[in-house]
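Asks: Below: one structure in structure tokens.
The values are calculated or read from the model by the stated rules, or taken from the named source; none is laboratory data. Note that the structure is predicted; figures quoted are calculated from it, not measured. Note: ideal-geometry Cβ built from the backbone for every residue, glycine included; neighbour counts use all protein chains shown. To get the accessible areas, we keep the full protein, side chains included, count just its heavy atoms, and leave off ligands, DNA and RNA. Shrake-Rupley method; radii C 1.70, N 1.55, O 1.52, S 1.80 Å.
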Amino acid sequence: MLSRKKQFLWGTMLSLFVNSSSANAGHVQMWLEWKGGCQPGNLMLLGGYIRLGDRSFLGKAAEAWTDEDVEEYRSVVLACARRYPYGVSTPQTVDSKVADLVVRLKRNLIEPARAQLNTAKEAADARRKLAEAQASREQAGMEARAEREKEVAVEARRLADERALLDRKRSEAQASREQAEMEAQGEREKEAAVEARRLADERAIRHRKRLDEQARFDREAAEEALRRAEDEAPKLAQASKEADEARRARQEAEQKLADIRSRLATHESERNRELAAVAAAESLRTPVPPKAKIATSAPADGEKPSNDLPDSERQFIAAVQRARELYGAAANDMARGAARPIRAKDLCGILRPPTARNWVGQVTTLSTSGDGKGVLEIQIEKGIVVKTWNNVLADTGDETLIDPGSSMFLTASALALGSRVLFSGAFRPSNVDCVKEGSLTMRGSLMSPEFIIRFSDISPLPD
């Protein structure tokens, strides 16, 4: 049995052949001639098995087969089968065989297609009838609604006329009542005005009497106050004199206290200078061996101050220099950017806690912010500084600017640029650099970092 695809192709080619063939020849005859005429192979195709549900046969759709096509099929197949009987002994047997083929063609191909067409037609007729019935019902409903709306409109007009009549009557009654009320109100207001004038006259008389009585009382009170003032004047003068004397005594005491405080401050300053001079002279007289400690401020956390760098400071500087070398040797921006988190990890491992204790450096900036607070910058290695912020806005939350009323401000203000100092302080924390760094660019942060610190102590080191 030929595949449906091949049947379709043959049907297409047959259609082309039919267009060029004689108009008097039937479809089956033209198909046979297109295939080469009555031959054994074509006879086998003509007698091919037709399955129930096939959609076409001999290149023609099932629903297109007519009774004339079936009769032509019977005659063409019969004529060809009689020519090539294939062992069929008698013409009666050939006729019987061809009749079976015709029956099978009708049963498996033509009748199912016609039944399907009839079913589709009946369904279409049913849908059309349903649509017509629905349209008829809708038309009837619309007419009924229109009639009801007409009746409602008539009733609405009647009710509107009745309401208008009632409203007019109520308006006339309301106008009459309002006119009567206005006349009554006018009469009441007239009576009230007369009563108000009478009451006003009475109040004026009573008020005039009260004013006269108040004036008499005020005159008597004034005379009594004047008499008492004459009696109290000497006492007030004495009290004023005593108050002036007490104020002068307090001012003199405050001045004496200020002088004492000034002398104490001068004395303390002179004592500190003398102690510093003595310490400097002592250091000049006594050679300091290598690694010797020069005590210039109180030791902290078991670490003594010295001109030598503490271990934490040396490790801090080494970590910053390693990151600087990584940044300088990197081939691209991605590699350069990796140097920053590496440095942050190293610094967090070194600064536990994030503080500087008795570190050594050189003063590079001594200034003040706009509101007079101290700005200090110390270089601990070439290209590496620790510093305060230089303005209040940047310092918000960090509080690194030095209070001008503090002793550290006095000590720092006595230093000179280039002085070597011993200092302590707390670094400001940062999620990027471990400790906050004040540069505006990544290159500045890695090549010339400026670490933000809140100084807690600073003292000069001898040259």
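Asks: Multiply the residue gap between Ser176 and Arg83 by 0.36 nm, knock off their C-alpha separation, and tell me the result in nm, one decimal place.
Replies: Details: separation 93, 0.36 × 93 = 33.48 nm, distance 12.21 nm.
Extending this stretch completely gives an extra 21.3 nm.
Asks: Right, next: What order, most packed first, do the peptides 173-182, 96-105 have when packing is the mean number of other Cβ atoms within 10 Å of each residue?
Replies: Working: 173-182: 10.2, 96-105: 15.4.
Sorting 173-182, 96-105 by mean packing, highest first, produces 96-105, 173-182.
Asks: How many angstrom lie between the C-alpha centres of segment 145-178 and segment 424-462?
Replies: Here the two parts' Cα centres lie 91 Å apart.
Asks: Oh, and also: Within the set of other residues whose C-beta is less than 11 Å from the C-beta of Thr66, count the net charge using Lys and Arg as +1 and Asp and Glu as -1.
Replies: Values: positive: Lys60, Arg114; negative: Glu63, Asp67, Glu68, Asp69, Glu71, Glu72.
Net local charge, Thr66 excluded: -4.
Asks: If you don't mind, another one. Report, in listed order, any pair from Lys345/Lys373; Lys60/Lys97; Lys129/Lys150; Lys382/Lys436 with a Cα-Cα distance greater than 24 Å. Present the calculation step by step, with values, prior to reporting the outcome.
Replies: Details: Lys345/Lys373 33 Å; Lys60/Lys97 22 Å; Lys129/Lys150 31 Å; Lys382/Lys436 19 Å.
Result: Lys345/Lys373; Lys129/Lys150 exceed 24 Å.
Asks: Would you mind telling me the share, in percent, of accessible area of segment 329-423 contributed by carbon and sulfur at probe 1.4 angstrom?
Replies: Working: 2590 of 4780 Å².
Summing carbon and sulfur atoms, their accessible area is 54 percent of the total for segment 329-423.
Asks: Find, to one decimal place in angstroms, the Kirkwood hydrodynamic radius of segment 76-218, where the mean of 1/r is taken over every pair of different Cα atoms and then inverted. List each step's numbers first, then the result.
Replies: Values: mean 1/r = 0.0358 Å⁻¹.
Answer for segment 76-218: a Kirkwood hydrodynamic radius of 27.9 Å.
Asks: What Kirkwood Rh does segment 308-463 have if only Cα atoms enter the pairwise 1/r average? Answer in Å. Before the final figure, lay out the partial values.
Replies: Values: mean 1/r = 0.0631 Å⁻¹.
When all Cα pairs of segment 308-463 are included, the Kirkwood radius is 15.9 Å.
Asks: Could you tell me the extents of segment 134-173's C-alpha atoms along the three principal axes, largest first, rounded to whole Å?
Replies: Sorted from largest, the Cα extents of segment 134-173 read 56, 9, 5 Å.
Asks: Separate question: First select every other residue whose beta carbon is under 14 angstrom from the beta carbon of Lys129; then total the charges, Lys and Arg +1, Asp and Glu -1.
Replies: Values: positive: Lys121, Arg127, Arg128, Arg137; negative: Glu122, Asp125, Glu132.
Result for the neighbourhood of Lys129: +1.
Asks: At 7 Å along Cα-to-Cβ for each site, give me the label-to-label distance between Thr365 and Thr93 in nm.
Replies: Label-label distance for Thr365 and Thr93, simple model: 12.2 nm.
Asks: Rank these residues by their accessible area, most exposed first, probe 1.4 Å: Lys241, Lys436. Could you put the intermediate results ahead of the total?
Replies: On the way: Lys241 115, Lys436 60 Å².
Most to least solvent-accessible, the answer reads Lys241, Lys436.
Asks: Let me ask something else. State the dimensionless ratio Rg/Rh of segment 26-101 (Rg: radius of gyration of Cα atoms; Rh: Kirkwood radius).
Replies: Here the Rg-to-Rh quotient is 0.95.
Asks: Tell me the net charge near Ala81. Cut-off is 14 Å between Cβ atoms, Ala81 excluded, with +1 for each Lys or Arg and -1 for each Asp or Glu.
Replies: Values: positive: Arg74, Arg82, Arg83, Lys97; negative: Asp95, Asp100.
Computed value for this residue: +2.
Asks: Continuing with the same structure: For segment 177-227, restrict the atom set to alpha-carbon positions and state the Rg and Dmax in Å.
Replies: 21.5, 71
Asks: Please report how far the C-alpha centroid of segment 206-236 lies from that of segment 30-98, rounded to the nearest whole angstrom.
Replies: 149
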